[in-house]
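J.: Below is the structure I would like to discuss, written out as structure tokens.
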Amino acid sequence: FAGLRPIFIRHVLDGMRMATASGAKIEWAPCLELLAAIIERSQAAQGDPFSVPGDDPDWSWTVQSAIGWLASALSRGASGVAFVHAPLVQSLVLALYRRVASLPAPAESQRGDRKHPYVAAIQTARGAAVDLCVLLVFWQSKDPASAIGQAPREAFACSPELRSILEGELADRSSAGWLPRAVLGRYLTWLFHFGENWLRGQIANLFPSGDIDLVASAWLGHLQNDSQPVGDLMDRL
């Protein structure tokens, strides 16, 4: 499938995502090769002179479908991708994030349902990519042979690249800054578990004083979609 047009690959990925979510047995080695090929082709794409009506306009939708499929797998923890693929999975997650970061930002009119910001955020490529980064840590924590699996409360301390990504997202105080905050608000419980010290240092950026729109996105993501309030953070919240 790796050599096909983006629209065909995208539909294959969507089908695989549904199969993965339903617990189907997946042979992950060739699947991860397909994801790597998608990243490579999307980076090299300069437009298709042979495109026909109905084709995807570019690779952005296929990249987002790749993120959704991998997120579906990582959210299953130990029953998802086999941990033998851990180095490749981490490199793919980071590469997919960087690929999305290089895409044009969506227009303000595409912000979606702000009453449910997490749901709206993960329907965008940027929100889905941030979500995938957090799911990577969750998946790594289920590997008893890994450094994160052996000390999950120190996961962020062991993940400098991930910390850098999330800190960069939280530095965005523009109108688009609601996207990462909605996602990270949804995972506030996990962030506290995997990186309490880091989170305490980023609370002011996650809930930026004086910007009600960004604060509301983080709060609604937490209150609507997280598992429970984080009692130990109530003094800061």
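J.: Give me the percent of the accessible area of region 119-237 that comes from carbon and sulfur atoms, probe 1.4 Å, all protein chains in place. Spell out each step's value before the answer.
T.: On the way: 2590 of 4930 Å².
Of all accessible area on region 119-237, carbon and sulfur atoms account for 53 percent.
J.: While we're here: May I ask for log10 I(q)/I(0) of region 117-237 at q = 0.10, 0.19 Å⁻¹, from a Debye sum over the Cα atoms as equal point scatterers with solvent left out?
T.: Treating every Cα as an identical point scatterer, log10 I(q)/I(0) equals -0.27, -0.99.
J.: Can you give me the accessible area per residue for the chain, using a 1.4 Å probe, in Å²? Working shown, then result.
T.: Working: 11410 Å² over 237 residues.
Each residue of the chain exposes 48 Å² on average to a 1.4 Å probe.
J.: In addition: Give me the number: length gained by fully extending S91 to Q224, i.e. 0.36 nm times residue separation minus the C-alpha to C-alpha distance, one decimal in nm.
T.: Numbers: separation 133, 0.36 × 133 = 47.88 nm, distance 3.11 nm.
Gain in length upon complete extension: 44.8 nm.
J.: For region 2-55 and region 188-204, what is the separation of their C-alpha centers, rounded to whole Å?
T.: When both Cα centres are located, 34 Å separates them.
J.: Continuing with the same structure: Under a point-charge model restricted to the Cβ atoms of Lys and Arg (+1) and Asp and Glu (-1), what is the dipole moment magnitude of the chain relative to its Cα centre, in debye to the nearest 20?
T.: Details: 20 positive and 23 negative charges, 48 e Å.
That gives the chain a dipole magnitude of about 240 debye.
J.: If you don't mind, another one. In nm², what is the average projected area of the convex hull enclosing the Cα atoms of region 184-237?
T.: 3.3 nm²
J.: Looking at region 1-52, I'd like the Rg to Rh ratio, where Rg is from alpha-carbon atoms and Rh is Kirkwood's inverse mean 1/r. Intermediate results must be reported in sequence, preceding the final value.
T.: Working: Rg = 12.6 Å, Rh = 12.2 Å.
When Rh is taken as the Kirkwood radius, the ratio is 1.03.
J.: Kindly provide the Kirkwood hydrodynamic radius of the chain in Å, to one decimal, from all pairs of distinct alpha carbon atoms. It would help to have the intermediate numbers written out before the result.
T.: Values: mean 1/r = 0.0542 Å⁻¹.
Answer for the chain: a Kirkwood hydrodynamic radius of 18.5 Å.
J.: Quick one: what does P(r) look like for region 52-153 with 5 Å bins over all Cα pairs, in whole %?
T.: 2, 12, 20, 20, 17, 13, 8, 5, 2, 1, 0
The values are calculated or read from the model by the stated rules, or taken from the named source; none is laboratory data. The model shown is predicted, which means the values in this text are computed figures rather than measured ones. FYI the Cβ positions are ideal-geometry reconstructions off the backbone, even for glycines, and counts take in every protein chain you see. Protein only, heavy atoms only, side chains kept; ligands, DNA and RNA dropped before computing areas. Shrake-Rupley method; radii C 1.70, N 1.55, O 1.52, S 1.80 Å.
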